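The values are calculated or read from the model by the stated rules, or taken from the named source; none is laboratory data. Keep in mind it's a predicted model, so treat the numbers as computed, not measured. A quick note on method: Cβ atoms are made from the backbone with ideal geometry, for glycine too, and the neighbour counts reach across all protein chains shown.
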């Protein structure tokens with residue numbers, strides 16, 4: 001197939017104004033002698049530029065005399081040496097032009113639905129002619145002569161925007177990490193500071209309900225868009241405003257009253273937000289207790305956003321906080337969902353990465369549980385498990401639970417629950433034999449740390465765990481909420497956490513009637529297996 005020359009191709013595409021301009025400038029003959037890529041504006045684009053009095057329109061329409069240098073200079077900015085087909089153009093590519101120092105920047109949206117050069121959208125791509133390839137664009141390609149900063153400085157309309165205070169506090173909220181033309185703003189964006197929360201494909205692009213005026217001005221290092229109003233993004237909100245909008249006015253006032261809000265005005269921080277149900281309890285605390293309680297929810301000096309799957313940070317109250325990002329049980333995930341849940345000290349995060357000026361906020365589903373350095377520290381600090389603590393100390397297992405290297409889950413029972421099962425004579429008989437006490441307490445220790453969402457994880461058959469007494473006990477529940485463990489109901493999941501484990505509160509002490517004693521295969525401890533499987537093995541003499 002014999003290709004037409006450039007002049008014929010332009011006429012066939014009804015790009016007559018461009019063809020006439022190239023002819024009058026003397027470029028048409030010169031361009032036939034080398035391989036080129038031409039970005040050709042439509043006649044409508046030329047007509048529009050003529051009506052708005054733009055530089056190119058004035059030069060082309062009114063240029064007279066012997067020299068055509070201004071016309072040539074502009075038209076050479078439409079032409080890049082070599083062949084550049086659209087399927088080879090990538091977002092951010094810079095194409096050198098025949099205009100001295102000129103370049104064209106390629107913009108491609110994520111779905112490849114729009115391709116632009118210097119914000120002129122390509123409407124008809126890859127039209128071949130004898131010595132090159134042509135792309136029809138919907139706008140004239142005005143030469144970029146200034147950087148963004150120079151454009152701002154040269155226009156008195158931006159003098160307030162460039163003042164020192166505004167620049168330091170807000171400038172970065174108005175900057176995207178790459179060149180984004182107006183026609184690209186209707187697609188998914190990848191923005192340095194994400195504030196483009198709503199955008200519509202229509203004549204008036206809307207960004208956070210702010211209208212863009214004009215098409216944007218292309219500079220040497222990007223594009224300058226003008227918006228109709230001052231934009232203050234979520235990330236620029238005060239901590240008080242962020243808490244007020246995320247939880248309630250009352251919770252924001254409690255943070256203010258504790259002095260934490262003032263402290264964080266100049267510090268970066270990670271702030272955990274208790275649920276609104278905790279407002280009454282926290283609000284009734286004395287001033288010192290209030291500050292201590294709120295301090296448990298604040299980490300100074302770091303904005304943790306769950307990008308790392310797990311991390312331990314220390315709160316203002318000198319308590320360790322374990323942040324984790326967990327996938328649900330594999331079998332459950334394959335059937336129902338595969339999203340990752342986020343937790344802090346066993347508490348689920350309802351909403352993460354809420355921005356504010358100096359802090360990132362995470363909204364919790366429940367208040368943080370009690371905390372201690374070790375499991376025994378936690379247990380000794382709980383008023384309702386005094387007899388459980390006494391039995392641990394009698395058995396000698398308190399040494400294990402006091403060891404920071406010993407990781408465990410403790411299933412404690414309250415004093416009333418123990419009294420209901422063990423009457424005075426029963427207690428005397430139990431305490432008379434240390435080995436019986438040790439066996440009883442070993443039933444209540446699983447030698448691995450398990451938050452409630454792991455203890456009653458979603459599985460097809462249930463969950464089973466081997467306690468220190470050697471028996472396997474089954475937990476019941478759904479979606480991370482436990483209703484039973486062994487023969488006992490679950491009174492309070494995640495009652496307390498420590499650096500070496502978790503404490504849950506049972507409704508009654510455990511006994512082995514609901515446990516299944518398997519042959520001691522090492523892998524059994526790491527598996528969550530179902531009750532039907534357990535019952536099968538429990539009825540086989542070989543395994544008992």
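A few remarks follow.
- Conditions (1) outside any helix (DSSP H, G or I); (2) under 16 Å from residue 492 (Cβ atoms); number of the one not met by residue 350: (2)
- Checked against (1) out of contact with any helix residue (DSSP H, G or I) (no Cβ under 8 Å at 6 or more places or on another chain); (2) at pLDDT 90 or above, residue 303 meets all criteria but (2).
- Some residue of region 151-170 being in a helix (DSSP H, G or I), within 24 Å of residue 79 (Cα to Cα) and either outside the structural domain of residue 41 (by TED's automatic domain parsing) or modelled with pLDDT under 65 (or both): no
- Test for residue 239: is it touching a strand residue (DSSP E or B) at 6+ places or on another chain (Cβ under 7 Å) and within 20 Å of residue 342 (Cβ to Cβ): no
- Those residues of region 387-421 which are free of Cβ contacts under 8 Å to residues at least 60 places away in the same chain, more than 45 Å from the chain's Cα centre (by Cα), under 18 Å from residue 508 (Cα atoms) and surrounded by 15 or more Cβ atoms within 10 Å (Cβ to Cβ), in sequence order: 387, 390, 391
- Filter result (surrounded by fewer than 13 Cβ atoms within 10 Å (Cβ to Cβ) and touching a strand residue (DSSP E or B) at 6+ places or on another chain (Cβ under 6 Å)) within region 268-279: none
- Search result, residues across region 357-406 that are under 15 Å from residue 496 (Cβ atoms) and part of a loop (DSSP other than H, G, I, E, B): 366, 367, 368, 369, 373, 374, 381, 382, 383, 384, 385, 402
- Inter-residue pairs, beta-carbon under 7 Å, first in the same structural domain as residue 506 (by TED's automatic domain parsing) and in region 429-449, second surrounded by fewer than 15 Cβ atoms within 10 Å (Cβ to Cβ) and in a helix (DSSP H, G or I), 6+ apart: 430/436; 437/431
- The criterion of at least 2 residues that are under 15 Å from residue 354 (Cβ atoms) is met by the following helices (runs of 4 or more DSSP H) wholly inside region 216-297: 239-246, 249-258.
- The residues in region 418-458 that are outside any loop (DSSP other than H, G, I, E, B), at pLDDT 95 or above and touching a strand residue (DSSP E or B) at 6+ places or on another chain (Cβ under 8 Å) can be counted, and the count is 2.
- Residues of region 311-340 that turn out to be modelled with pLDDT of 85 or more, surrounded by fewer than 15 Cβ atoms within 10 Å (Cβ to Cβ) and in contact with a helix residue (DSSP H, G or I) (Cβ under 9 Å, 6 or more places away or on another chain), as a count: 1
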